[in-house]
Amino acid sequence: MNVLGIETSCDETAAAVVVDGTWVRSNVISSQVALHQAHGGVVPELAARGQVQAIIPVIRAAVEAAGIANEDIDAIAFTQGPGLAGSLLVGVNAAKALAMSLRRPLIAVNHLEAHVHANWLAPPGGDDTGIDPPALPAVCLLVSGGHTELLHIDEPGRYEVLGRTIDDAAGEAFDKGARLLGLEYPGGPAIQRAAAGGDRARFQFPRAALGQSLDFSFSGLKTSLLRTVEPYRMPDDGERFPSTALFPEHRPPRYRDDLPLADLAASYQDAIVDVLSTKTVQAAHQIRARSILIAGGVAANRELRDALRRCVTEAWRGGDGPAVRWPDLGYCTDNAAMVAGLGFDLLQRGIRSGLDADALPRFPIGTRVPPA
């Protein structure tokens with residue numbers, strides 16, 4: 001079964017064709033990173049406008065790259081939420097129009113659940129002899145720009161939230177930290193590059209333990225970084241963009257030449273990764289997990305993946321600890337292959353949507369919106 005997936009939750013416009021929920025025949029992504037870098041982050045109005053311009057060419061490219069015609073599409077899955085309302089509406093309406101014109105089933109997908117499902121996608125270049133699904137029960141660390149949650153998965157499609165951030169998400173902490181350090185957007189990759197060769201122990205940034213809770217907090221870490229870099233900051237030259245500008249350009253801070261950028265980036269990254277990995281292993285102990293999964297854009301962070309493996313090795317010295325898995329790096333950030341893959345799984349369980357489906361900017365994982 002060929003499922004066309006459409007993803008427009010934020011600033012990426014993506015479409016993909018996935019066969020039987022696992023095998024990715026095409027995965028096309030149009031990025032707006034260059035557009036939003038000038039503003040230091042995503043501007044919702046600009047993102048929605050970019051979605052409108054890209055959606056039709058991206059869908060056409062995905063179908064063509066899969067080597068099929070529109071008539072070969074068996075179902076259409078789309079991201080219903082969570083995300084930016086304007087961006088979501090572009091994908092929702094494109095999916096509904098296609099489903100109506102082709103007379104194909106329509107499946108609304110939760111963006112967060114799709115990130116989790118990326119762990120069930122076959123990596124690019126693999127054959128079709130099968131893929132070993134993650135062993136359940138599993139703990140999934142869902143980490144992205146807008147979300148940080150620990151999930152207990154005891155069967156596909158059933159999630160229990162064990163913990164979540166009470167303020168900033170981990171990806172948001174990376175983005176804000178990068179802005180404070182004068183690095184480009186997106187912050188996670190920028191900080192990882194800047195941290196290369198840095199001393200992670202030079203600056204002792206705080207870790208919010210929150211007692212035995214599995215919740216996270218990163219706002220204090222961001223404030224600590226701000227206080228640490230203040231002595232290195234150059235006086236403002238007084239230039240200002242006009243207050244009437246609709247989207248003023250982001251002006252990075254200016255620092256003295258002796259700013260220890262690599263050590264700051266390495267120490268800041270280590271503080272985020274330390275909390276994420278420690279609490280994930282704590283959760284895995286509590287539910288006796290057989291697998292630890294990572295999902296979301298921050299799963300692409302090499303230090304996080306390495307730290308989780310180290311923590312598992314130290315916590316289960318007998319060697320019988322849970323396997324640590326993450327999707328192919330191309331499926332960690334926002335993409336439509338994860339949407340199409342989950343759409344197939346939902347369709348197999350008899351879950352589909354009506355043509356009156358609407359965008360849901362707030363859409364907690366594990367909830368279902370019944371069709372009309």
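Keeping to the range 171-215, report how many residues are closer than 28 Å to Asp334 by Cα and aromatic (Phe, Trp, Tyr).
2
Which residue out of Asp74, Asp128 is over 23 Å from the mean Cα position of the chain (by Cα), open to solvent by 40 Å² or more (accessible area, probe 1.4 Å) and at pLDDT below 95?
Working: Asp74 fails: at pLDDT below 95.
None of the other options fit; the residue is Asp128.
Just checking, which of Asn335, Asn301 is closer than 30 Å to Ala75 by Cβ, in contact with a strand residue (DSSP E or B) (Cβ under 9 Å, 6 or more places away or on another chain) and surrounded by 18 or more Cβ atoms within 10 Å (Cβ to Cβ)?
None of the other options fit; the residue is Asn335.
Residue-wise test of (1) assigned to a loop (DSSP other than H, G, I, E, B); (2) closer than 14 Å to Asp334 by Cβ.
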position: Val58; (1), (2): no, yes
position: Gly67; (1), (2): yes, no
position: Thr79; (1), (2): no, yes
position: Gly86; (1), (2): no, no
position: Val92; (1), (2): no, no
position: Glu113; (1), (2): no, yes
position: Ala122; (1), (2): yes, no
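Please work out which residue is modelled with the lowest pLDDT, limiting yourself to the range 1-37 and to residues that are open to solvent by less than 40 Å² (accessible area, probe 1.4 Å) and part of a loop (DSSP other than H, G, I, E, B).
It comes out as Gln32.
Taking only the range 189-210 into account, find how many residues are closer than 20 Å to Gly146 by Cα and either open to solvent by less than 50 Å² (accessible area, probe 1.4 Å) or not in a helix (DSSP H, G or I) (or both). Before the answer, list the steps.
If we filter the range 189-210 for residues that are closer than 20 Å to Gly146 by Cα, which is where we start, we get 189-192, 207-208.
Pick out the ones that are also either open to solvent by less than 50 Å² (accessible area, probe 1.4 Å) or not in a helix (DSSP H, G or I) (or both) and you get 190-192, 207-208.
Qualifying residue count, the range 189-210: 5.
So how many residues does the range 276-317 have that are in a loop (DSSP other than H, G, I, E, B) and not small (Gly, Ala, Ser)?
Qualifying residue count, the range 276-317: 5.
Which of the following residues is within 28 Å of Gly21 (Cα to Cα), of a type outside the set (A, V, I, L, M, F, W, C) and out of contact with any Gly (no Cβ under 8 Å at 6 or more places or on another chain): Arg310, Arg317, Arg325, Arg349?
Result: Arg325 is the single residue among Arg310, Arg317, Arg325, Arg349 that is within 28 Å of Gly21 (Cα to Cα), of a type outside the set (A, V, I, L, M, F, W, C) and out of contact with any Gly (no Cβ under 8 Å at 6 or more places or on another chain).
Within the range 157-170, identify whether any single residue is part of a helix (DSSP H, G or I) and out of contact with any Gly (no Cβ under 9 Å at 6 or more places or on another chain), and answer yes or no.
No, that holds for no residue.
For Asp320, indicate whether it is closer than 20 Å to Gly182 by Cα, open to solvent by 30 Å² or more (accessible area, probe 1.4 Å) and in a loop (DSSP other than H, G, I, E, B).
The answer is no for Asp320.
Look at the range 158-188 and say how many of its residues are surrounded by fewer than 19 Cβ atoms within 10 Å (Cβ to Cβ), at pLDDT 95 or above and more than 12 Å from Thr148 (Cβ to Cβ).
Total meeting the criteria: 1.
Where the second residue is in a strand (DSSP E or B) and of a type outside the set (D, E, K, R) and the first is in contact (Cβ under 8 Å) with a residue 40 or more places away in the chain and lies in the range 313-324, which pairs have Cβ atoms under 7 Å and are six or more apart or on separate chains?
Cβ pairs passing all conditions: Pro322/Ser291; Pro322/Ile292; Ala323/Ser291.
Which condition from (1) modelled with pLDDT of 95 or more; (2) over 17 Å from Val339 (Cβ atoms) is the one that Leu46 breaks?
Every condition holds for Leu46 apart from (1).
Suppose we keep only residues that are more than 30 Å from Leu180 (Cα to Cα) and either among the aliphatic types (A, V, I, L, M) or assigned to a loop (DSSP other than H, G, I, E, B) (or both) within the range 38-56. Which one would you say is farthest from the chain's Cα centre (by Cα)?
Ile56
So which pairs qualify, if the first residue must be in the range 29-54 and in contact (Cβ under 8 Å) with a residue 60 or more places away in the chain, the second must be open to solvent by 70 Å² or more (accessible area, probe 1.4 Å), the Cβ gap must be under 6 Å, and the two must be at least 6 apart or on different chains?
Partner pairs satisfying both residue conditions: Gln37/Glu184; Ala38/Glu249; Gly40/Arg179.
In the list Gly157, Gly177, Gly146, which residue meets the criterion of being under 22 Å from Val229 (Cβ atoms) and not acidic (Asp, Glu)?
Among Gly157, Gly177, Gly146, only Gly177 is under 22 Å from Val229 (Cβ atoms) and not acidic (Asp, Glu).
The values are calculated or read from the model by the stated rules, or taken from the named source; none is laboratory data. Keep in mind the model is a prediction, meaning the values are calculated, not measured. Note that each Cβ is placed from the backbone with ideal geometry, even for glycine, and that neighbours are counted across all protein chains shown. Note: accessible area is taken over every heavy atom of the protein model, side chains too, but ligands, DNA and RNA are not part of it. Shrake-Rupley method; radii C 1.70, N 1.55, O 1.52, S 1.80 Å.
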